[in-house]
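Quick notes on the structure that follows.
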Amino acid sequence: MDALEAITLDALQLRLWALHAAIVRQHDSLSRRASEEAGQDMVEYALLLGLLSTVAIAFVILVGPQLASTFSTIVSSLQTTVGH
């Protein structure tokens, strides 16, 4: 192997190492981004769950007494009809 071939092989090896390093950096960057987005999705789901829970609790508090009264009327009517 002459000097020119050695330089060419060394240059090729350096370029391959640089390409490998770039690929690894890109992979790490994409992995981090995917992890951050997964974390963001979890926060969004938690906020949505909190909002739905708040709406459900408010519904029960506001409409609950009316529903209880309606069901009591239905039960009384059924008891009277059945004869208990």
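Taken together, the values in this text are just the output of simple stated rules run on the coordinates, not laboratory data. Computed from a predicted structure; not experimentally measured. Note: ideal-geometry Cβ built from the backbone for every residue, glycine included; neighbour counts use all protein chains shown.
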Extension gain, L30 back to Q13 (0.36 nm per residue minus Cα-Cα distance, nm): 3.6 nm
- prompt: When the chain is modelled as a GNM with alpha-carbon springs shorter than 10 Å, which of S35, S72, S53 fluctuates the most?
  reply: S72
query: Going by alpha carbons, how many degrees (0 to 90, nearest 10) lie between the helix axis of 3-82 and the longest principal axis of the chain?
result: 0
- prompt: Of [x] 5.1; [y] 6.1; [z] 10.8, which is the value of mean projected area of the Cα convex hull in nm² derived from the coordinates here?
  reply: [z]
query: How high is the FRET efficiency from F71 to Y45, r the C-beta distance, R0 35 Å, rounded to 0.05?
result: 0.55
Cβ-defined net charge surrounding Q40, 13 Å radius [Lys, Arg +1; Asp, Glu -1]: -2
